[in-house]
Amino acid sequence: MKLIGSMTEQYYREYLIELNRSLFHDQSMKRLLGTIRQAFPEMKTAYIFGITPDQGEDVYTILINNDFIAYIELDRYNLETEQMIETKPVKDYKRGLSRIGQIQLAVAMDLAERNSYE
């Protein structure tokens with residue numbers, strides 16, 4: 001998908017940049033960042049698409065290095081519980097995405113390509 005500089009793209013760009021800053025600089029994201037670094041030592045960029053709260057866990061959907069999507073589930077209450085991690089190639093993740101999801105992915109991939117922390 002080609003980016004055209006729309007307001008929707010700008011919104012997602014700002015959202016993804018803010019989540020990226022939080023991931024690398026916010027104490028509340030320290031556990032998630034540690035999990036990512038442990039599971040993916042080759043990680044150069046990581047952009048969080050979304051955080052889905054479940055009953056006792058949070059599920060994070062993250063673009064890693066423009067290579068794949070990682071789903072990381074962290075228990076909210078028991079920090080000793082082992083995290084669950086699944087990965088999916090970007091091309092598989094793209095399949096069936098809504099138009100908004102495609103825009104969000106394209107913006108995240110553009111940011112990762114630039115390795116931008118604007």
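The values are calculated or read from the model by the stated rules, or taken from the named source; none is laboratory data. This is a predicted model, so every value here is computed, not measured. With ideal geometry, Cβ positions are generated from the backbone for all residues, glycine too; neighbour counts draw on all protein chains shown. Note: accessible area is taken over every heavy atom of the protein model, side chains too, but ligands, DNA and RNA are not part of it. Shrake-Rupley method; radii C 1.70, N 1.55, O 1.52, S 1.80 Å.
Before moving on, here are some points about what is shown:
- Just checking the listed ones, 105, 79, 32: in the Gaussian network model of the chain with Cα springs under 10 Å, the one fluctuating most is 79.
- Residue 15 contributes about 80 Å² of solvent-accessible surface, heavy atoms of the protein only, 1.4 Å probe.
- Euclidean distance between Cα centres, the stretch 44-88 to the stretch 1-35, Å: 14
- For residue 90, the accessible area of its heavy atoms, probed at 1.4 Å with every protein chain present, is near 10 square angstrom.
- Ranking 28, 98, 6 from most to least accessible surface, computed with a 1.4 Å probe over the protein chains only, gives 28, 98, 6.
- Selection from 89, 39, 10, by position along the positive dipole direction of the chain (Cβ): 10
- Recomputing Cα extents along the principal axes in Å from the coordinates shown identifies the correct label among [x] 45, 30, 27; [y] 58, 41, 22; [z] 37, 37, 27 as [x].
- Cα-centred dipole magnitude for the chain, charges only on beta-carbon of K, R (+1) and D, E (-1), debye, nearest 20: 460
- Residues 7, 1, 43 ordered from highest to lowest accessible area at a 1.4 Å probe: 7, 1, 43.
- Compared with the dominant principal axis of the Cα atoms in the chain, helix 99-114 is inclined by about 80°.
- On Cα atoms only, tilt of 7-25 relative to the major axis of the chain in degrees: 30
- Residues of the chain: accessible area per residue with a 1.4 Å probe, Å²: 61
- Accessible area (Å², 1.4 Å probe, nearest 10) - residue 75: 30
- Rounded to the nearest 10 degrees, the angle from helix 30-39 to the longest Cα principal axis of the chain is 80 degrees.
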